[in-house]
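The values are calculated or read from the model by the stated rules, or taken from the named source; none is laboratory data. Quantities reported herein were computed from a predicted structural model and do not represent experimental measurements. Cβ atoms come from the backbone with ideal geometry, glycine included; neighbour counts cover every protein chain shown.
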Amino acid sequence: MEDLFANRKDIKSFTLPQLKEEMGLLGEKTFRAVQLYEWMHRKLAAGYEEMTNIPRKLADRCREQYEYTTLRLLQVQESRLDGTRKYLFELPDGNTVESVWMRYKHGNSVCISSQVGCRMGCRFCASTLDGLERNLLPSEMLEQIYAITRHTAERVSNVVVMGTGEPLDNFDHLIQFITLLSDENGLHISQRNITVSTCGIVPRMRQLADRHLQITLALSLHAATDEKRRELMPIANRYSVDELMEVCAYYFEQTGRRITFEYSLVKGVNDSDDDAMQLIRLIRGLNCHVNLIPVNPIKEREYVQSERRAVEAFQNKLEQGGVNATVRREMGRDIDGACGQLRRRHLKQQDPGREDCQVDA
């Protein structure tokens with residue numbers, strides 16, 4: 001576990017067995033770990049002072065020896081179109097991350113960030129423009145969900161790790177986060193209701209497959225050929241489309257979970273009939289689903305969203321070719337909808353002379 005808190009351990013990142021071991025080192029009974037864990041991960045206590053059945057002496061010792069990670073709410077934007085809320089949080093070290101709360105008929109979903117910034121360099125994404133600052137701890141990923149739950153007073157039923165950052169670039173903390181989030185002693189969100197997005201780090205995808213988790217893996221594909229994918233995503237210089245398809249098949253073999261291919265449609269770049277046919281040839285036969293995403297325009301890039309007719313034609317072409325495809329419902333387009341936009345605006349306000357970092361995967 002990364003040590004961001006000097007000599008203090010991060011108590012909210014411990015699993016229950018790990019917390020029991022910690023309490024044993026303090027000379028405490030096992031049930032105290034159970035009580036602490038319940039306060040942190042089920043009752044979502046904002047601090048030790050809320051834990052009414054924890055002795056003051058133990059609370060004081062915990063306060064001295066363990067960091068209790070909470071996030072400070074800096075800003076909330078609420079869409080007038082659909083009620084989507086975008087949150088900007090300040091981390092304990094002063095860095096900021098953003099998260100999104102979305103209400104659907106089937107329940108509330110939260111999209112969280114896994115890193116402060118990103119080093120992957122995808123050309124159409126605002127998250128990567130300032131480079132990678134650091135990985136988030138499991139507690140900092142969890143706390144985005146917890147803070148939003150406290151703010152909305154509504155249960156979260158689905159979690160998407162698709163905000164700022166590349167989750168598989170923060171692999172160990174991601175696995176710990178999933179373990180905590182799906183634990184029956186905490187929020188107990190089913191792994192089948194957790195989606196993790198990746199730009200395609202092949203060795204990590206294989207490593208994730210070997211964990212045999214029941215999460216949904218979403219691969220940001222965006223093009224069916226190496227040449228075109230390299231234009232959009234620097235990671236494609238490292239791993240070929242053929243390697244991606246091989247590891248996707250391996251993931252399904254190990255988990256029984258179908259792959260979701262994320263495909264952001266960019267006008268004049270990857271939205272033609274030829275692009276659709278290339279995609280059909282590439283993925284037909286895989287147990288998969290294609291999520292078509294009209295790209296969110298960002299002012300730092302020239303990419304623009306495909307027209308509605310082009311999106312519908314692309315979807316129809318895929319379905320005629322035997323590929324299951326849906327168009328993602330656009331949420332919160334009037335509130336800095338694209339990943340990273342709200343954080344970047346905040347950073348610019350804090351430092352008007354800030355320059356964009358040059359990033360490359």
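So, in the stretch 24-51, exactly how many residues are closer than 22 Å to Leu142 by Cβ and either of a type outside the set (Lys, Arg) or touching a residue at least 40 places away in the same chain (Cβ under 8 Å) (or both)? Full working, then the answer.
Initially, the stretch 24-51 is screened for residues closer than 22 Å to Leu142 by Cβ, giving 32-51.
Remaining after also requiring either of a type outside the set (Lys, Arg) or touching a residue at least 40 places away in the same chain (Cβ under 8 Å) (or both): 33-42, 44-51.
Number of matching residues: 18.
Assess whether Asp169 counts as being over 12 Å from the mean Cα position of the chain (by Cα) and modelled with pLDDT of 95 or more.
Values: over 12 Å from the mean Cα position of the chain (by Cα): no; modelled with pLDDT of 95 or more: yes.
No: the conditions fail for Asp169.
In the stretch 305-317, the residues that are over 12 Å from Asn270 (Cβ atoms) and assigned by TED's automatic domain parsing to the domain that holds Ala276 reach residues that are surrounded by fewer than 18 Cβ atoms within 10 Å (Cβ to Cβ) and hydroxyl-bearing (Ser, Thr, Tyr) with C-beta atoms within less than 9 angstrom, at least six apart or across chains, in these pairs: Gln315/Thr326.
Listed conditions (1) surrounded by fewer than 16 Cβ atoms within 10 Å (Cβ to Cβ); (2) under 30 Å from Leu26 (Cβ atoms); (3) in contact with an Asp or Glu (Cβ under 8 Å, 6 or more places away or on another chain) are all met by Pro55, apart from (3). Quick check: anything in the stretch 256-274 at pLDDT 95 or above and farther than 28 Å from Glu312 by Cβ? Yes: one or more hits.
Here is the figure for the stretch 188-205: residues that are of a type in the set (Lys, Arg) and closer than 15 Å to Leu174 by Cβ total 1. Taken as a whole, the structure places Ala338 among residues that are in the same structural domain as Leu129 (by TED's automatic domain parsing), at pLDDT below 60 and either among the basic types (Lys, Arg) or under 26 Å from the mean Cα position of the chain (by Cα) (or both).
Picking from Arg80, Arg61, Arg32, which residue would you name as being charged (D, E, K, R) and in a loop (DSSP other than H, G, I, E, B)? If you could, list the steps in order and put the result at the bottom.
Numbers: Arg61 fails: in a loop (DSSP other than H, G, I, E, B); Arg32 fails: in a loop (DSSP other than H, G, I, E, B).
On inspection, the qualifying residue turns out to be Arg80.
In the set (1) out of contact with any Ser or Thr (no Cβ under 8 Å at 6 or more places or on another chain); (2) in a strand (DSSP E or B); (3) not aliphatic (A, V, I, L, M), Asp130 fails one condition alone, (2).
If the requirement is being hydroxyl-bearing (Ser, Thr, Tyr), assigned to a loop (DSSP other than H, G, I, E, B) and within 22 Å of Phe177 (Cβ to Cβ), which of these qualifies: Thr52, Thr70?
Values: Thr52 fails: within 22 Å of Phe177 (Cβ to Cβ).
So the residue among Thr52, Thr70 that is hydroxyl-bearing (Ser, Thr, Tyr), assigned to a loop (DSSP other than H, G, I, E, B) and within 22 Å of Phe177 (Cβ to Cβ) is Thr70.
Only one of the listed residues (Lys29, Lys86, Lys43, Lys105) is at pLDDT below 95 and among the basic types (Lys, Arg). That residue is Lys105. For the stretch 158-205, the candidate set comprises residues that are out of contact with any Cys (no Cβ under 9 Å at 6 or more places or on another chain) and among the acidic types (Asp, Glu); within that set, the residue that is surrounded by the most Cβ atoms within 10 Å (Cβ to Cβ) is Asp183. Selection of the stretch 35-49 for residues being in contact with a Gly (Cβ under 7 Å, 6 or more places away or on another chain) and either in a loop (DSSP other than H, G, I, E, B) or charged (D, E, K, R) (or both) yields only Arg42. Note on the stretch 282-316: among residues that are modelled with pLDDT of 95 or more and assigned to a strand (DSSP E or B), the one that is nearest to Arg123 (Cα to Cα) is Leu292.
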